[in-house]
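Written below as structure tokens is the structure these notes are about.
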Amino acid sequence: MLLILPDILDPERLDNIRSFLNTGNFVDGTLSAGANARRVKHNEELTAQHKQRQYLDQLIMSQLAASEMFRSAALAHRISQPVIARYHTGMAYGDHIDDPIMGDSNGRFRVDIAVTLFLNEPEEYQGGELVVNTTFGTQRVKLPAGQAVLYPASSLHHVDEVSHGERLVAVCWIQSLIRDPARREMLYELDQARASLRHNAPDSAAAAQVDHVYTNLVRMWSEL
Ligand code: NI
């Protein structure tokens, strides 16, 4: 499932982030890449030493966590610190799948989901689409600033070369409580039915039944 998450960052928060990034120090993105990714990765990343880094990370992660759609689709167990990536003209990230395990020895986690949050407007650059191979074919994603896309980290994907301007994104990786993408997708759909029943027929037996089934499926399938 590839899902667009609208309204993750409002214009004020975006301005805030972008003004910090103007003063930020970006380094070669291959420094943080595994051996295979290094061959295809051509971008830059904000250094961890940036003095507002903690504030930026927390802002992005809290805004993601505040999204009901994100919570329902990801059922997150762990969320990585965001990587803030910049692509100048001529930069791209070739076909790859994301690393299966991230973090260090005191906080390793399995990577089930990737989220790309767009930090500048599509008009500010040409090219730079995120291209994801899905079971329903290839999806090309280039979103307005403040919106994000969520997709399984196991899917083959790349970022098209930026042919003009500059592309700015934040990427987070998530370990879900639900490892299997097909189960996650079914739970997401069931949760939508559950929300709709809660709204339209809150006192009905169906609302209670669907709520119980959803809750027990999460219990049955969760890995902690
Ligand atoms: Ni990737």
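Read-outs: derived from the displayed coordinates by stated rules, not from any lab. What you see is a predicted model; the values in this text were computed from it and never measured. Here the Cβ positions follow ideal geometry from the backbone for every residue, glycine too, while neighbour counts run over all protein chains shown.
General observations
- Modelled FRET efficiency - R0 35 Å, Ala208 with Glu185, Cβ distances, 0.05 increments: 0.90
- Tensor-based shape of region 181-221 (alpha-carbon gyration tensor, a/c under 1.5 rounded, otherwise prolate or oblate): oblate
- Gyration tensor verdict on the chain (Cα atoms; rounded if a/c is under 1.5, prolate if a/b is larger than b/c, oblate otherwise): prolate
- Helix 205-221 vs. the chain, principal-axis angle (Cα, 0 to 90°, nearest 10): 50 degrees
- For Gly128, the residues whose modelled amide H falls within less than 5 Å of its own, excluding neighbours fewer than 5 places apart on the same chain, are Asp160, Glu161, Val162, Ser163.
- The mean sequence distance of close C-alpha pairs (under 8 Å, at least 6 residues apart), as a share of the length of region 153-224, puts its relative contact order at 38 percent.
- For region 16-81, the relative contact order is 27 percent, taking Cα pairs closer than 8 Å that sit 6 or more residues apart in sequence and dividing their mean separation by the residue count.
- On Cα atoms only, tilt of 181-200 relative to the major axis of the chain in degrees: 60 degrees
- Relative contact order for region 1-154: 32 percent, from Cα pairs under 8 Å spaced at least 6 residues apart, divided by residue count.
- Cβ-based charge dipole, region 181-221, positive-most Cα from Met186, Ala206, Met220: Met220
- Per-residue HN-Hα couplings for region 71-76 [Karplus 6.51, -1.76, 1.60; θ = phi - 60°; Hz; x = Gly/Pro]: 4, 6, 7, 8, 6, 6
- Amide H contacts under 5 Å for Asn43, placed H, 5+ residues apart: Gly29, Thr30
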